[in-house]
Amino acid sequence: MIDREFAAALANTALKNVVTEYPYKLDPILACDGDVRPPRLVHPCFHGSYDWHSSVHMHWSLVRLLRLFPGHSQTDGTRDHLDQRLTTVHVGGELATLARPHQASFERPYGWGWLLKLAAELHLLADEQPAARNWRDAVAPLAQLFADRLIDYLPRAAYPIRSGAHGNSAFALLMALDYCAALQHRALQRAISERANRWFGRDRRYPAQYEPSGEDFLSGGLLEAVLMRRVVDGCSFADWWWQFAPDRDAMAHWLQPVPVSDPHDPKIVHLHGLNLSRAWCWQQLLPDLPAELQPLIAQAIEQHLAASTRASTDGNYVGTHWLASFVLMAETESATALSVDAPPS
């Protein structure tokens, strides 16, 4: 459980990261010499925090912490930063970058999903704290652009990406579903539901023993299950799960936390994210799974969180520039879309 002190520590980590310009991993396709520019010019909103998508979801972390823990000790610094960064002018710079040649697939799908989740969180915060309306309204055109791109992309995507890293299709669609729920975006909701059922509706006996790969921060199988829980069509989720679930031996691979042999390595540290994202997935699936599995899963959630939560604030920058978001998802999102546990009084 995140208490107010740890919430402030997460916010402090995020605030430091989003203003750390270098090292930074740029990810555009260059069309000419003039495209080689510092990150702050290419991405006026989302530079810092090592790369574009991490900057987006660390901003999401700041916004969620404001909503769940109003008045935490980093509140003033958070508001000042968001006032400076989430502006109409800066979003205009992001849109200009995305309008340049060869940028149609920039950050697809991971960054798209996180930007939509940020927009959803801003929408919820603005309902509770009117001062957030300027941030919400500034980001809205960027979110609409990615929603439009996702609607265009999904009918053309004949096959899902099942990897345990940024390309994973199910993770991005789950982020986008939060946007659909917050803004009642029915066209995007329909596109996601249709494609998810086409991709995953007939999967059988998922081979969980093949997870994880050495650089995974997501479980392809668990994410698929979480997504289908929200969109399954033509049967109940219980029926779908009965067909999909791994056998007992394979299931054991999902129930034990993964050791992280070198948390200073920028790829191996991904495994901390895997532990946290597994906990997030199990939190959402738990109420709808067979009763005999629930005690094992509840134990697995606690073990996964214990293994990797502290790496979000106490570890090397290769982990701390992004792990706070995964802690927040695991600790504050329950089985209901966009629901959150009440913060401690």
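General remarks:
- Selection status of A172, in a helix (DSSP H, G or I) and within 28 Å of R79 (Cβ to Cβ): no
- Qualifying residue in the range 282-292 (condition: in contact (Cβ under 8 Å) with a residue 40 or more places away in the chain, open to solvent by 10 Å² or more (accessible area, probe 1.4 Å), in a loop (DSSP other than H, G, I, E, B) and closer than 17 Å to L218 by Cα): no
- Matching residues, the range 267-278, being under 12 Å from A311 (Cα atoms) and assigned to a loop (DSSP other than H, G, I, E, B): V269
- Residue count, the range 60-80 (criterion: open to solvent by less than 20 Å² (accessible area, probe 1.4 Å) and part of a helix (DSSP H, G or I)): 10
Results for (1) open to solvent by less than 40 Å² (accessible area, probe 1.4 Å); (2) within 24 Å of W52 (Cβ to Cβ); (3) at pLDDT below 95; (4) not in a helix (DSSP H, G or I), shown as yes or no for each residue.
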site: D265; (1), (2), (3), (4): no, yes, no, yes
site: Q299; (1), (2), (3), (4): no, no, no, no
site: E302; (1), (2), (3), (4): no, no, no, no
site: S312; (1), (2), (3), (4): yes, yes, no, no
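- Those residues of the range 229-258 which are open to solvent by 70 Å² or more (accessible area, probe 1.4 Å) and in contact (Cβ under 8 Å) with a residue 40 or more places away in the chain, in sequence order: D233, D247, D249, H253, Q256
- Selection count, the range 223-263, where residues are under 24 Å from D178 (Cα atoms), part of a loop (DSSP other than H, G, I, E, B) and either touching a Ser or Thr at 6+ places or on another chain (Cβ under 6 Å) or charged (D, E, K, R) (or both): 1
- On inspection, W112 qualifies as assigned to a helix (DSSP H, G or I), within 22 Å of the chain's Cα centre (by Cα), over 23 Å from K16 (Cα atoms) and modelled with pLDDT of 95 or more.
- Answer from L174, L188, L145, L154 - the residue that is in contact with a Cys (Cβ under 7 Å, 6 or more places away or on another chain), at negative phi and open to solvent by less than 70 Å² (accessible area, probe 1.4 Å): L188
- Pairs are defined by a Cβ separation below 7 Å, a sequence spacing of at least 6 or placement on different chains, a first member in the range 91-105 that is among the aliphatic types (A, V, I, L, M), and a second member that is open to solvent by less than 60 Å² (accessible area, probe 1.4 Å) and not in a loop (DSSP other than H, G, I, E, B); the pairs so defined are V91/A138; V91/V139; V91/L142; L95/L142; L95/L145; L98/L145.
- Checking each residue in the range 1-59 for being assigned to a helix (DSSP H, G or I) and either touching a strand residue (DSSP E or B) at 6+ places or on another chain (Cβ under 7 Å) or open to solvent by 70 Å² or more (accessible area, probe 1.4 Å) (or both) picks out R4, E5, K16, D33, R40, L41.
- The numbered conditions (1) within 20 Å of the chain's Cα centre (by Cα); (2) surrounded by fewer than 16 Cβ atoms within 10 Å (Cβ to Cβ) are all true for V226 except (2).
The values are calculated or read from the model by the stated rules, or taken from the named source; none is laboratory data. Keep in mind it's a predicted model, so treat the numbers as computed, not measured. Don't worry about glycine lacking a Cβ; one is built from the backbone with ideal geometry, like all the others, and counts go over all protein chains shown. Accessible surface is based on the protein model in full, side chains and every heavy atom, while ligands, DNA and RNA are left aside. Shrake-Rupley method; radii C 1.70, N 1.55, O 1.52, S 1.80 Å.
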